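The values are calculated or read from the model by the stated rules, or taken from the named source; none is laboratory data. What you see is a predicted model; the values in this text were computed from it and never measured. When we count neighbours, we look across all protein chains shown, and the Cβ atoms used for this are built from the backbone with ideal geometry, even at glycine. Ligands, DNA and RNA are excluded from the accessible area calculation, which covers all protein heavy atoms including side chains. Shrake-Rupley method; radii C 1.70, N 1.55, O 1.52, S 1.80 Å.
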Amino acid sequence: LTGEDSTATGKGVLGDTKSFNTLVISKGSYLVDRTRGNGIFTYDAKNRTRIPGTLWLDSDNVYNAAYDGAAVDAHAYAGQTYDYFQDVHNRNSYDGNGAELISTVHYGRSYNNAFWSGSQMVYGDGDGNTFVPLSGALDVIAHELTHAVTDTTADLIYQNESGAINESMSDIFGTLVEHHFNNNPDWQVGEDIYTPNVAGDALRSMEDPTLSGDPDHYSKRYTGTGDNGGVHINSGISNKAAYLLANGGTHYGVSVNGIGNDKAGEIYYRTLTQYLTPNSNYSHFRVSTIQAATDLYGASSAEVASVKAAFSAVGVN
Ligand SMILES: CCC(=O)Oc1c(C)cccc1C(=O)O
Ligand SMILES: [Zn+2]
């Protein structure tokens with residue numbers, strides 16, 4: 001690719017204007033950001049299901065059309081998520097080695113999903129009722145990119161308890177990235193792109209997983225075979241613990257002193273990248289998180305005490 005690095009502005013899925021990096025050539029500009037790692041590249045699937053599809057080319061370097069919104073957000077939010085891992089955790093892209101960030105938008109028809117394919121991010125447009133285009137939420141994009149971080153570190157097997165921890169790590173860092181950029185931060189997941197006609201709901205709640213029918217205590221874990229053994233269900237147990245660790249609270253009679261987002265993020269990042277392994281279960285997750293907190297803050301620290309209390313509060317002892 002030869003061209004000139006530039007910036008453009010455009011409207012995202014929710015109509016908000018933002019700027020991002022592009023590559024200008026004679027006939028327009030590509031959604032290519034060469035300022036981060038080995039580059040961020042955003043593609044158009046044109047509502048088919050071949051990925052990555054066509055590298056996004058805009059003829060006038062203005063990205064305000066309705067069709068452009070999903071691409072604007074996928075590109076800009078991938079850049080923000082890159083910046084979070086680089087600036088906060090000194091990790092250069094998801095593999096620590098500047099790996100290209102590839103995103104495809106307009107995947108399929110009315111496709112109510114987003115996923116990490118194993119090598120790239122993929123976003124559907126939603127059906128307009130359950131979801132609007134799924135790249136429209138920063139916590140969703142950071143969730144997907146965290147799957148890539150997990151796959152290149154702990155590589156947690158995507159089923160049963162290791163899969164629930166995999167999912168929770170994506171919800172945790174999705175939320176921490178949303179707070180880092182102060183993007184209407186909360187402890188819900190996907191709220192900005194979920195059910196546009198229903199106010200106040202979310203795909204999942206970390207603050208209260210039972211709002212989306214998910215367990216907030218290990219004794220209530222799902223033991224069936226659906227959802228790969230409940231990876232998006234039993235993630236609620238860890239999500240609740242993370243909410244308590246950062247914010248504090250009393251849950252089933254156990255009190256947790258909150259330690260804040262930044263320290264919680266340091267502890268979960270070290271746990272994910274240094275201690276968890278493909279087969280880690282919730283018991284190993286507790287031990288690993290205590291060890292990570294001990295490394296960072298000391299065995300008799302308030303942070304270690306809060307980690308122990310947070311896991312105990314959700315029944316992981
Ligand atoms: C918060 C993002 C999220 O959960 O994306 C998914 C959706 C919307 C459907 C199926 C799987 C996923 C996923 O990435 O786990
Ligand atoms: Zn996920």
Where Rh is the Kirkwood radius over the Cα pairs of segment 1-115, the temperature 25 °C and the viscosity 0.890 mPa s, what D in µm²/s does Stokes-Einstein return? 171 µm²/s
Can you give the FRET efficiency to the nearest 0.05 for Asn228 and Val198, using r as the Cβ-Cβ distance and R₀ = 30 Å? 0.65
Let's test this: bin the Cα-Cα distances of segment 13-80 at 10 Å from zero up to the farthest pair and state each bin's percent. 20, 57, 23, 0
With the other protein chains left in place, how much accessible area per residue, in square angstrom, belongs to segment 78-161 at a 1.4 angstrom probe? 34 Å²
Say each of Glu100 and Tyr67 gets a label point 7 Å from the Cα, pointing the same way as Cα to Cβ; how far apart are those two points in nm? 2.4 nm
Sum up the charges of everything whose Cβ sits under 15 Å from the Cβ of Ala199, counting Lys and Arg as +1 and Asp and Glu as -1, but leave Ala199 out. -4
Please list 3J(HN,Hα) in residue order for segment 193-208, calculated via the Karplus relation 6.51 cos²θ - 1.76 cosθ + 1.60 where θ = phi - 60°; whole Hz, with x for glycine and proline. 10, 9, 6, x, 8, 10, 7, x, 9, 7, 4, 8, 10, 7, 5, 8
Is segment 157-302 best put as rounded, prolate or oblate by its Cα gyration tensor, with a ≥ b ≥ c the root eigenvalues, rounded for a/c under 1.5, and otherwise prolate when a/b is larger than b/c, oblate when not? oblate
Sorted peptide list for 229-239, 15-25, criterion being average Cβ within 10 angstrom, highest first: 229-239, 15-25
Just to confirm my numbers, what's the Cα centroid distance between segment 12-55 and segment 238-274 in Å? 35 Å
Descending Cα extents along the principal axes, segment 154-199, whole Å: 34, 26, 12
The chain - percent relative contact order, Cα under 8 Å, separation 6 or more: 12 percent
Using label points projected 7 Å from each Cα along Cα→Cβ, tell me how many nm separate Thr17 and Phe115, to one decimal. 3.8 nm
Heads up, segment 74-214 by the C-alpha gyration tensor (a ≥ b ≥ c square roots of eigenvalues; a/c under 1.5 rounded, else a/b over b/c prolate, else oblate) looks rounded
Summed residue charge, Cβ within 10 Å of Leu23's Cβ, Lys/Arg positive, Asp/Glu negative: -2
Note on segment 240-317: alpha-carbon gyration tensor, axes a ≥ b ≥ c; rule is a/c under 1.5 for rounded, else prolate if a/b larger than b/c, else oblate; result oblate
Would you calculate a helix-derived [θ] at 222 nm for the chain, using -39,500 (n - 2.57) for each DSSP H run of n ≥ 4 and dividing by the full residue count, to the nearest 500? -11500 deg cm²/dmol
To the nearest Å, what is the center-to-center distance of segment 290-312 and segment 154-221, using C-alpha atoms only? 23 Å
Distance in nm between Thr152 and Asn90 label points, each 7 Å along Cα→Cβ, equals 1.7 nm
First measure r as the distance between the Cβ atoms of Thr277 and Ile51, then evaluate 1/(1 + (r/R0)^6) with R0 = 35 Å and state the FRET efficiency to the nearest 0.05. 0.75
Read phi for every residue in segment 181-189 and hand back ³J(HN,Hα) as whole Hz from Karplus 6.51 cos²θ - 1.76 cosθ + 1.60, θ = phi - 60°, with x for Gly and Pro. 9, 6, 9, 6, x, 7, 10, 9, 10
What residue among Arg270, Arg50, Arg286 has the largest mean-square fluctuation in a Gaussian network model of the chain, using Cα springs under 10 Å? Arg50
Quick one: which residues, 5+ away or cross-chain, put their amide H under 5 Å from the amide H of Glu207? H built at 1.01 Å from N. none
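Rounded to two decimals, what is the ratio between the C-alpha radius of gyration of the chain and 2.2 N^0.38 Å?
Rg over 2.2 N^0.38 Å, computed on Cα atoms: 0.99.
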On the accessible surface of the chain, probed at 1.4 Å with all protein chains in place, carbon and sulfur together account for a percent value of 44 percent
Among the lysines, which fall within straight-line cross-link reach of Lys46, defined as a Cα-Cα distance under 26 Å, with same-chain neighbours fewer than 8 residues apart omitted? Lys11, Lys18, Lys27
